[in-house]
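Structure record follows, encoded as structure tokens.
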Amino acid sequence: GYTKGRAEFSPGYFFGQEFDVITTEAPTINLPAPELAVLEDTTSDGVRTVRMLVTSPRGASMVHVDLTLPGDLVAANVDGQALKVDTAAALRDFPIAAYNPGAAGIEFTIAVRSTQPITGTLTDFTNGLPQLSGMEIGERPPEFMPAPFDFRDPTVVNTRVEI
């Protein structure tokens, strides 16, 4: 009961690349999504600086933040470490892949040359499929091996954010 296809599925690397996959229908279940808390939000001379904390209530092994910026990225740091930002590049995306964020999560700050809202997605990944009452998951067909990545048969939860 599966179909073959191609999909972009790997977390944290190989962005934009598609791979051969098999898919089948699965029930939608309600799992807690990753959370983004704004710790500080200031604006000076048209540059908005936002300090944030991303956490995974599920205790996920990896959290991916992918923000779309309404203006150029001016500065950024992750867990207190400044990132080198090429301000001439006019960057409008800010992705972070955080492995083992723990209960404390990952704190980061971005400075954007705009006062408009920042939008994006938060996604967290855990290995294995969730155990669901009354549902048995069949064996993988022998012609398909598990993905050769960190997350095999992952449970993925995502949510949209606007800051």
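We did not get these values from a lab; they are worked out from the coordinates using the rules stated. Bear in mind that the values here come from a model prediction, so they are computed numbers and not experimental data. No Cβ is skipped: glycine too gets one built from the backbone with ideal geometry, and neighbour counts run over all protein chains shown.
Side notes on the structure shown:
- The stretch 1-103: GluC sites (Glu not before Pro) falling in loop per DSSP and having at most 16 other Cβ within 10 Å: GLU8, GLU18, GLU25
- 5 angstrom amide H check on VAL74, placed H, neighbours 5+ away: ALA111, VAL112, ARG113
- Amide hydrogen neighbours beyond the local backbone of GLY120, cut-off 5 Å, H modeled: THR68, VAL161
- Trypsin sites (Lys or Arg not before Pro), loop per DSSP, at most 16 other Cβ atoms within 10 Å - longest free stretch of the chain: 1-83
- Between ARG140 and ALA103, the FRET efficiency estimated from the beta carbon spacing at R0 = 35 angstrom works out to 0.60.
- Summing +1 for each Lys or Arg and -1 for each Asp or Glu among the other residues whose beta-carbon sits under 15 angstrom from that of ASN158 gives -3.
- Rounded to the nearest 20 debye, the dipole magnitude of the chain is 140 debye, with +1 charges on Lys and Arg beta carbons, -1 on Asp and Glu beta carbons, and the Cα centre as origin.
- In sequence order, the stretch 26-33 has phi-based couplings of 9, x, 7, 10, 9, 10, x, 7 Hz under the Karplus curve 6.51 cos²θ - 1.76 cosθ + 1.60, θ = phi - 60°, and Gly or Pro positions carry x.
- For the stretch 90-163, the set of GluC sites (Glu not before Pro) satisfying both a DSSP loop assignment and a count of at most 11 other C-beta atoms within 10 Å is given as GLU136, GLU139, GLU143.
- Inter-probe distance in nm under a simple model that places probes 7 Å from Cα toward Cβ, at LEU53 and ALA89: 2.9 nm
- Radius 14 Å from Cβ of VAL38, net charge of other residues (Lys, Arg +1; Asp, Glu -1): -3
- Calculated mean projected area of the Cα convex hull in nm² (choose from (i) 11.1; (ii) 10.1; (iii) 13.1), label: (i)
- Of the chymotrypsin sites (Phe, Trp or Tyr not before Pro) in the stretch 1-97, the ones in a loop by DSSP (not H, G, I, E or B) with at most 11 other beta carbons within 10 Å are TYR13, PHE15.
- Between PRO27, PRO101, PRO117, the GNM of the chain built on Cα springs shorter than 10 angstrom shows PRO27 fluctuating the most.
- Largest GNM mean-square fluctuation across PRO141, PRO130, PRO34, computed for the chain with C-alpha springs under 10 Å, falls on PRO141.
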